[in-house]
Structures are given as C-alpha cells and as structure tokens.
Amino acid sequence: AMCLSYFLPPWAYVRATGLSSGYRMSFQGPTSFRVIQISSFANSTWAHSQGSGWLDDLQIHGWDSDSGTATLLKPWSKGNISDEEFAELEEIIRVYFYRFTQDIQGSATKFQLKFPIETQVTAGCELRSGGSIVSFFRGALGGLDFLSAEKDTCVPAPEGGSRAQHICKLIMQYPAVINIVRKLLFDTCPRYLLGVLDAGKAELQRQVKPEAWLSSGPSPGPGRLLLVCHVSGFYPKPVWVRWMRGEQEQPGTRHSDLLPNADWTWYLRTTLDVAAGEAAGLSCRVKHSSLEGQDIILHWGEKGLDLPLLTKIFST
Ligand SMILES: *[C@@H]1O[C@H](CO)[C@@H](O)[C@H](O)[C@H]1NC(C)=O
C-alpha cells in the first residue's frame, strides 16, 4: 500500500483500497472543473488572452478570442446549462476579457508594472469525496501567486506584496463584481460540474486498457543497461508500474511524467538502470483499474537487449 500511495493521488488510493475490500466509489474519472485564463501584455498596446475549460486535466472548452465565443471540444461540453445561460456566460467572459485587458493596460504605470506582463487566472470548483463541492479562484502575476478568493473576500498572496494588497482593496470596492464572481463560483460552477460529469460520464468513466512493451534506452554507462517499460493508451490516469524480480519491487524504478495521448489516454515510461548481467529475470508489472486485477507482466528477454520489443514487432 505504501508504494501505491507514492504514485497515485490520494483519492485514487482510497479508491484502490476501496476496490479491494469490495466497496466501489460511486464516481471515477475527473472531479473538478476549472477555467484557465492566460493573458500576455507585450507593451502598452499589444495584449493577447487565451481561455480554456478543463475537467481535471482533460480540456473540454476552448476560447476563440477573435469571435469572443467558447468552442465546445466535446458534444457534452455544455453539461446541463441551457443555451440561454451559456450565451450569458460567454457574454460575461467577453466583457471580463475586455475589461481585464483595459484595466491592466490602463493601470500598468500606476501600479509600476513593467512590460512584458504575464497574468494567469484559474477558477473553478471541485467535488470532494464526501460529496461537498469546494470552489476556488487564484490569480498569478509573472508566474507568482498574486491573489485568491476566500468566500467573498479577495486575499492578497504574500508573494504579491503591497501591490496585491492594494489591488484586493480596489476589487473589494466593486460589490457588483464580487456578486458576479460569487454567483459563478458558488452557484454556477457546482451546478455545472455535476451536470457535465453526468453528461460526459460514458467518456469520463470509461476504462481503457494499457498496452505495454519493453525496450532498452541509451546505456547509462559501461556494462550497464537501461531497461524501459512503456505503458500507453490507458484511461483513467491512475496507474502503477514497477520493475520487479519475482515478487520483489526493484528500488531504482524511475517514472517519466504521465504524458497525454491525443485521444484522452495516457502514456508512461518506467526505467531501471541495471548491470547488464542482472537484467535476466526482471519483469515490468502494470496495474490499472481497467485490467481488473489481471496485471500485465512483461519479462525482460534472457539475452537482454530488445528481445521483448522485437518479439512484439515481429508478432504483429
Ligand atoms: C508591441 O508588441 C508587439 C508584439 O511584440 C509588437 O509587434 C509591437 O510593435 C509593439 N508595439 C510597440 C508600440 O512597441
């Protein structure tokens, strides 16, 4: 269990242990929705903003800044939001982007902001295991936390210094803005999150089995081998991959980042640096929810090197 918790997020660990004791959590797949805004200001006249909407790390909305409209990346991206309300939300975002750009450009001198300026905002809500939904709003300036929202209050981040304190004070003087943000965070977002998780559940809660294969990487040094276990095409994201000798986990196992494939599945590379003579008898073991306990086990070939990969290539 120790090893599981090393690689899986805590909720997946709860789910995995839940599975083994015969209890199944009622939801799998993503649990949060967020919008991300990235605005870049090259100088006092040039600005560009990007917007997107995400369920955990799956993108379901884009933002077309030319037309000021949302692009729906999935047929169910609207969730259970009506066309009228969706159009209203687009209008709010359009006005927000416009005002945000104007405000930054207009007050750069006053707040002694130096171009180029990079701002990032993420806001949304997350379903917790008990069923409660927590909302969040965070803004960053130049890659550092700048301010966040706690309930109805703007909270300056320590990294934001006196500038963040000043801007928070300023924002708090606009109750109309606070009201809109409050409504979006604590009413619209939770309602939308539950709706979209339901609308997309066939895709969000699907199980796709990983494919796995072995290869050797660039030699780490004289007389040493880099064994590589590739695991690809699985969904959802939590996965467990280890190099093993029999039932013994090999401590030097290293994981790449989990990389996204274009089709909403994931890829992971797991390597082990061994003395060439010790490669025989090692295997790569993959656990994933889609495999329902039938772990994939690939044995490193007796002769080492690419035998398993070659076998895979020539048998297909
Ligand atoms: C502002 O930045 C843009 C993009 O880098 C550049 O094309 C433009 O010439 C700049 N304008 C001024 C007034 O410096």
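The values are calculated or read from the model by the stated rules, or taken from the named source; none is laboratory data. Because the structure is a prediction, the values reported are computed rather than measured. Neighbour counts run over all protein chains shown; Cβ positions are idealised from the backbone, glycine included.
Couple of notes before you dig in:
Yes/no matrix, rows are residues, columns are (1) surrounded by fewer than 20 Cβ atoms within 10 Å (Cβ to Cβ); (2) farther than 19 Å from P218 by Cβ:
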| residue | (1), (2) |
| --- | --- |
| R242 | no, yes |
| G246 | yes, yes |
| P251 | yes, yes |
| N261 | yes, yes |
| W264 | yes, yes |
| L282 | no, no |
| H288 | no, yes |
| G301 | yes, no |
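- Selection within the stretch 108-135 - out of contact with any Ser or Thr (no Cβ under 7 Å at 6 or more places or on another chain) and closer than 20 Å to I178 by Cα: Q120, V121, T122, A123, I133, V134, S135
- G131 falls short on exactly one of the conditions (1) surrounded by 15 or more Cβ atoms within 10 Å (Cβ to Cβ); (2) within 25 Å of the chain's Cα centre (by Cα); (3) assigned to a loop (DSSP other than H, G, I, E, B), and that condition is (1).
- Residue within the stretch 120-130 that is aliphatic (A, V, I, L, M) and modelled with pLDDT under 95 present: no
- Inclusion of A123 among residues that are within 25 Å of the chain's Cα centre (by Cα) and of a type in the set (A, V, I, L, M) is warranted.
- Contacts under 6 angstrom Cβ, first residue in the stretch 77-93 being in a helix (DSSP H, G or I), partner buried (at least 18 other Cβ atoms within 10 Å of the Cβ), 6 or more apart: F86/K78; E90/A70
- Condition check for Q165: in contact with a strand residue (DSSP E or B) (Cβ under 6 Å, 6 or more places away or on another chain) and surrounded by fewer than 19 Cβ atoms within 10 Å (Cβ to Cβ): yes
- T122 vs. criteria among the polar types (S, T, N, Q), in contact with a Lys or Arg (Cβ under 7 Å, 6 or more places away or on another chain) and assigned to a strand (DSSP E or B): yes
- For S82, the test of being more than 24 Å from T188 (Cα to Cα) and modelled with pLDDT of 95 or more is failed.
- Pick from the stretch 183-215, criterion of a type outside the set (A, V, I, L, M, F, W, C) and buried (at least 20 other Cβ atoms within 10 Å of the Cβ), ranking: nearest to H299 (Cα to Cα): P210
Residue by residue, here is whether (1) in contact with a Ser or Thr (Cβ under 6 Å, 6 or more places away or on another chain); (2) farther than 30 Å from T109 by Cα; (3) within 16 Å of the ligand (Cβ to nearest atom) holds:
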{"residue": "S44", "(1), (2), (3)": "no, no, yes"}
{"residue": "A47", "(1), (2), (3)": "yes, no, yes"}
{"residue": "W54", "(1), (2), (3)": "no, yes, no"}
{"residue": "D64", "(1), (2), (3)": "yes, no, no"}
{"residue": "P75", "(1), (2), (3)": "no, yes, no"}
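- Within the stretch 94-110, tally of residues that are surrounded by 17 or more Cβ atoms within 10 Å (Cβ to Cβ) and not in a helix (DSSP H, G or I): 0
- Among residues of the stretch 134-153 that are free of Cβ contacts under 8 Å to residues at least 12 places away in the same chain, those with a Cβ under 7 angstrom from a residue that is in a strand (DSSP E or B), sequence gap 6+ or separate chain, pair up as V134/C125; V134/E126.
- Counting only residues that are in contact with a Leu (Cβ under 9 Å, 6 or more places away or on another chain), polar (S, T, N, Q) and in contact (Cβ under 8 Å) with a residue 40 or more places away in the chain, the stretch 47-76 holds 0 of them.
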